[in-house]
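Structure record follows, encoded as structure tokens.
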Amino acid sequence: MRRFLVITTQQKINEEPHIYAKILVAALLISNGVRQDAEAVYHLVDQRKTVKIIGARVKRLFPDEESSVGFLRKAVAGEKLPGVVVKRDQGDLVVGMALGPSGRGRCAPRTPFTYILKFVEYDVEPECGLGLEKIPPHHQVVIVNIEVDRALRRGLHL
């Protein structure tokens, strides 16, 4: 399982929804469909709400920016959508090893893992980093997915 945890606020999503939609698309979509082994989780600290989009169950998520922004807005608003779970309590935000753009040392992603993108301060820290802090967040997600895909194709059991 790959989990991409985005820690942010409702206000930040409203101000720059395209950034968050690009993260969603990068986390869940591949050229021929949807990643069945991935989740995109948006934890809205100001709302004390977590929105989880599950790749194996999501429907009607498309790669173009306009429709992905619309999908994310509906999900965050709590609309009933296939593959979207909204919880008011924090729950378990981290699955497996916690990775981040930077952190205590570099490591390779091993499944299950949670890649953390923090847009606001919150008390969840990565166990190790990947050295990706200088590139845009959605590109970080793409690189993590590519590296895990390559390792899996080589037969490595992560």
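Laboratory data are not the source of any read-out in this text; all were calculated from the coordinates shown. Source: prediction; values computed, not measured. Cβ sites come from the backbone with ideal geometry, for glycine too, and all protein chains shown count toward neighbours.
Here are the numbers:
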item: Residue count, segment 104-144 (criterion: small (Gly, Ala, Ser) and free of Cβ contacts under 8 Å to residues at least 12 places away in the same chain); result: 0
item: Selection within segment 79-103 - free of Cβ contacts under 8 Å to residues at least 24 places away in the same chain and under 17 Å from GLN10 (Cα atoms); result: GLU79
item: Verdict on ALA56 being out of contact with any Leu (no Cβ under 8 Å at 6 or more places or on another chain) and under 24 Å from ARG150 (Cβ atoms); result: yes
item: Search result, residues across segment 27-53 that are over 19 Å from ILE116 (Cβ atoms) and of a type in the set (A, V, I, L, M, F, W, C); result: LEU29, ILE30, VAL34
item: Verdict on ASP149 being free of Cβ contacts under 8 Å to residues at least 12 places away in the same chain and not in a loop (DSSP other than H, G, I, E, B); result: yes
item: Odd one out for TYR20 among (1) without any contact (Cβ under 8 Å) to a residue 40 or more places away in the chain; (2) surrounded by 13 or more Cβ atoms within 10 Å (Cβ to Cβ); (3) part of a helix (DSSP H, G or I); result: (1)
item: Which listed residue, of LYS74, LYS52, LYS59, is free of Cβ contacts under 8 Å to residues at least 24 places away in the same chain and among the basic types (Lys, Arg); result: LYS74
item: Counted residues, segment 10-43 - those being β-branched (Val, Ile, Thr) and within 12 Å of ILE54 (Cβ to Cβ); result: 2
